[in-house]
Amino acid sequence: MKKIIAAFDSLGFSESTLQYAVFLAKEYDAHLVGVFLRESTRIGYAVYATITKQSDSGKSIFDAIENADKETMNKAIMEFESSCQKAKINYSIHKDKKDALQELLHETAFADLLVINAWETFSYIENNLPGWFIKNVLHDAQCPVLLVPRKFVPVKKLIFLYDGSPSSIQAVKMFSYVLPEMSSLETKVLSAKDDRSNLHLPDNKLMKEWMKRHHAHVAYQVLQGTEKEIANIISHEGADVIIVAGSYHRSGLSMLFHRSLADLLLRQTNAPVFIAHL
C-alpha cells in the first residue's frame, strides 16, 4: 500500500479517522492524503443561504457563518498536519468544495485505501448507521474502504467474513494485497450457514490452500446461526480487531452474507470494518 486517503467532514473533524490513518501510514510507510470535504446541502447552510437572498442582515449572518466554518476547517487541517509531522509521515491536503460524495468517490479512484468514520453523515440531523453517505460510498468507492469506530484501538487480530461468494473472496484477497504487513497477525476465517447438516467451510481445500500462503496464524470457524448471533459473536471479539467483508454490489444486492448483517455489524461492533467489492 502506497497511498491512503482519509476523509474528513471539515465541520465535524473525526479524531479516530485521523488516528487510524496516521497509524496505518506510519506502520506501513504510506503517503497519507487528508481529504477535507464540505457538504453545501447541510440543513444549516441551506437555511442561511435562503436568508441571504431575502435581506442584507441575512447576508451578514451568512458571512459570519462562512467565516466561522473556515476557521473550523483551518483548525482541523492544522491538527491533521501536526499529527502527520509528529509521526514523521509523508502527507498531502486536499480541500474539496463541491458535492462531498462525488468529490470523495473521485478521490478513491486514485487511492489504495479510504479511511473514514463509520458515523460520517455530512448532516446535522441524520443519526442512523450506516447513513446515506456511507452507504453510497460503499456502493461506489473505487478502492477498499476502512470504516473506523469513534475510538482508536491498535489492531492485533483479523476476522475474515467468508461465505464462498465472489464478493467475500475478493475482500479477503484485497485486504491481503493492500495490507500484506498484517499477515502475521492472529487471523480467523468465520463462515456461517443456515443448514445444520452441512457446516463445512465453502471450497474448504482451495480456501485453506490460499490462506496458508498469505497468513501465518489462521483459525477457521463455521457456525450455524442467525444474523444477530453472528453479529453478537463478532461484537464480543473486542475493538482490537479488523473485520474484513465483501461490500454492497453496485447493483444494490447483498453485503457480507446479508445486508442486514452488515448494518448490524456497523451498529454493534467497536472495531474497524474493511470492505471491498468486485
In the range 151-164, the residues that are more than 13 Å from ILE243 (Cα to Cα) and either at pLDDT 90 or above or crowded, with 18+ Cβ neighbours inside 10 Å (or both) = LYS151, PHE152, VAL153, PRO154, ASP163
Within the range 180-205, count every residue that is closer than 18 Å to ILE275 by Cβ and either outside the structural domain of ILE243 (by TED's automatic domain parsing) or touching a Pro at 6+ places or on another chain (Cβ under 9 Å) (or both).
-> 1
Taking SER16 and the conditions (1) surrounded by fewer than 18 Cβ atoms within 10 Å (Cβ to Cβ); (2) at negative phi; (3) at pLDDT 95 or above, which numbered condition does it fall short on, given that it satisfies the others?
-> (1)
Among the numbered conditions (1) buried (at least 21 other Cβ atoms within 10 Å of the Cβ); (2) under 18 Å from the mean Cα position of the chain (by Cα); (3) modelled with pLDDT under 80, tell me where ARG267 comes up short.
-> (1)
In the range 201-237, how many residues are without any contact (Cβ under 8 Å) to a residue 40 or more places away in the chain and part of a loop (DSSP other than H, G, I, E, B)?
-> 8
Single residue of SER168, SER184, SER191 found to be polar (S, T, N, Q) and out of contact with any strand residue (DSSP E or B) (no Cβ under 6 Å at 6 or more places or on another chain) | SER184
Which of the residues belonging to the range 78-118 are in a helix (DSSP H, G or I), over 22 Å from PHE133 (Cα atoms) and of a type outside the set (Gly, Ala, Ser)?
-> MET78, GLU79, PHE80, GLU81, CYS84, GLN85, LYS86
May I ask you to verify whether SER183 is polar (S, T, N, Q) and assigned to a helix (DSSP H, G or I)?
-> yes
Return yes when TYR91 is in contact (Cβ under 8 Å) with a residue 12 or more places away in the chain, assigned by TED's automatic domain parsing to the domain that holds LEU185 and not hydrophobic (A, V, I, L, M, F, W, C) and no when it is not.
-> no
Quick one: in the range 179-216, of everything that is farther than 14 Å from TYR162 by Cβ and small (Gly, Ala, Ser), which residue is farthest from the chain's Cα centre (by Cα)?
-> SER197
(1) part of a loop (DSSP other than H, G, I, E, B); (2) closer than 22 Å to LEU114 by Cβ: which one isn't true of ASP163, the others all being true?
-> (2)
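The values are calculated or read from the model by the stated rules, or taken from the named source; none is laboratory data. Bear in mind that the values here come from a model prediction, so they are computed numbers and not experimental data. When we count neighbours, we look across all protein chains shown, and the Cβ atoms used for this are built from the backbone with ideal geometry, even at glycine.
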